[in-house]
1. Here is a list: ALA97, ALA37, ALA102. Which entry is in a helix (DSSP H, G or I) and free of Cβ contacts under 8 Å to residues at least 12 places away in the same chain?
2. Could you check the range 347-376 and list, in sequence order, the residues that are surrounded by fewer than 20 Cβ atoms within 10 Å (Cβ to Cβ) and of a type in the set (Phe, Trp, Tyr)?
3. Take the range 196-219 and flag every residue that is of a type in the set (Gly, Ala, Ser) and more than 7 Å from the ligand (Cβ to nearest atom).
4. Given the criterion touching a residue at least 24 places away in the same chain (Cβ under 8 Å) and assigned to a strand (DSSP E or B), identify the matching residue among LEU58, LEU14.
5. Tell me, yes or no, whether the range 23-43 has at least one residue that is under 15 Å from ARG167 (Cα atoms), among the charged types (D, E, K, R) and in the same structural domain as GLY137 (by TED's automatic domain parsing).
6. Kindly check whether there is at least one residue in the range 372-384 that is in contact (Cβ under 8 Å) with a residue 24 or more places away in the chain, touching a strand residue (DSSP E or B) at 6+ places or on another chain (Cβ under 9 Å), farther than 14 Å from PHE145 by Cα and of a type in the set (S, T, N, Q).
7. Would you pick out the residues in the range 304-355 that are out of contact with any helix residue (DSSP H, G or I) (no Cβ under 9 Å at 6 or more places or on another chain) and either within 11 Å of the ligand (Cβ to nearest atom) or in a loop (DSSP other than H, G, I, E, B) (or both)?
Amino acid sequence: MPFNNFNFKGSRALVRVDFNVPLNEKFEITDDTRMRAALPTIQKILKDGGSVILMSHLGRPKDGPTDKYSLRHLVPHLQSLLGDTKVHFADDCIGEAAVELANGLKPGEVLLLENLRFYKQEEKGDKEFAAKLAKLGDIWVNDAFGTAHRAHASTAVIAEYFSPDKRTFGLLMEGEVSSAEKVLHESEKPFVAIIGGAKVSDKILIIENLLERATDIIIGGGMAYTFMKAEGGVIGNSLCEEERLDTAKELLKKAKAKGVCLHLPSDSVIADRFAADADVSTAPSNHIPNGWMGLDIGPMAIDQFCNIISQSKTILWNGPMGVFEMDKFQSGTKAIATAVAEATQNGAFSLVGGGDSVAAVNQFGFAEKVSYVSTGGGAMLEYFEGKELPGIAAVKQN
Ligand code: AMP
């Protein structure tokens, strides 16, 4: 059942959120994006007249409770985000004290539980631990897309203690799932997938899955040069995964057999060193001189790629086209971001997901101009690979 169809009046909603935020040495939150992303879900429950029990992990504590990883540090900021709402804190995420606090919550109040990963059982997906957590709420809401690819106690195993009508995605998770579904399973054609980044090895499974779905696949970034070399090109000192040359050949062959157009950048911005102040030039991507390396797609490739993007109705973008962290090598990524934004304005659905392309659209100010920017790096990558994510399956199962 969609989240907004739930009425939480009089219910205690046990909400798995991803409050794994970065803290500085004074335990101040340096980026609260993940906390703000959970607010719409929390506020809907409170508005209905329910109470909210929040559970999350923070960092990677190794030996049980450690002050450094305590969620207590988040209470003042959570309180400021929620205004007049009363925020309680439980020193332990399970046990009698937590049960008492949860039972004592009044409608409209929030309880934040201590770090789930203070118990090894969380990551092990321990059933007894999940059952103890389940005691704290009447409805389980999974709003932690960032950990949806993990079969942990609070993200997946806990589902079996709630009947299907007592578990749901939160609004953040619903947004992520519906955008990914729209791209992977309901895409309007032509569907272009733009895949970049450093390594072919990280993206093989994604490309294989997309070969079943996309009309065009654009390959940019460092990974393009392994493909170039596989096709017989000369790539100078560009990034190359020698042990993946056969894989690249195989993917090129499969694309041809399936009628998917796999596009490599015809030219590149090349540099004599991997450095922000390197000497730069342009060259055909399959004729890069010795001692030079391709660090961005070139002007002809930009034209070619932007043209494909402008004609597409569905766009998936994962991975930058070049070393966008350095000014001299960001034109390709910027041009692609602009083209994706323009296509979106003309009616295409665009999803940017997974790692550095998300950083790039944020850096260039395009986040508001695409249809959806995913918050879940690793989880979204596994989704694109076609895997079933335990955190999603757990909510959906009968
Ligand atoms: P990934 O995490 O695989 O998406 O890769 C992102 C990283 O790839 C970024 O830090 C980019 O700087 C880097 N990158 C993109 N293009 C190139 C290239 N042509 N050569 C080396 N690194 C690149």
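The values are calculated or read from the model by the stated rules, or taken from the named source; none is laboratory data. Just so you know, these numbers come straight off a predicted model, no measurement behind them. Cβ placement follows ideal geometry from the backbone for every residue including glycine, while neighbour counts extend to all protein chains displayed.
1. Numbers: ALA37 fails: free of Cβ contacts under 8 Å to residues at least 12 places away in the same chain; ALA102 fails: free of Cβ contacts under 8 Å to residues at least 12 places away in the same chain.
Going through ALA97, ALA37, ALA102 in turn, the sole match is ALA97.
2. PHE364, TYR372
3. SER201, ALA214
4. Within the list LEU58, LEU14, the selection yields LEU14.
5. no
6. no
7. Within the range 304-355, MET326, PHE329, GLY347 qualify.
One line per residue, one yes/no per condition, for (1) farther than 30 Å from GLY125 by Cα; (2) touching a residue at least 40 places away in the same chain (Cβ under 8 Å); (3) of a type outside the set (Asp, Glu); (4) in a loop (DSSP other than H, G, I, E, B):
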| site | (1), (2), (3), (4) |
| --- | --- |
| GLU174 | no, yes, no, no |
| SER179 | no, yes, yes, no |
| LYS189 | yes, yes, yes, yes |
| LEU205 | no, yes, yes, no |
| MET228 | yes, yes, yes, no |
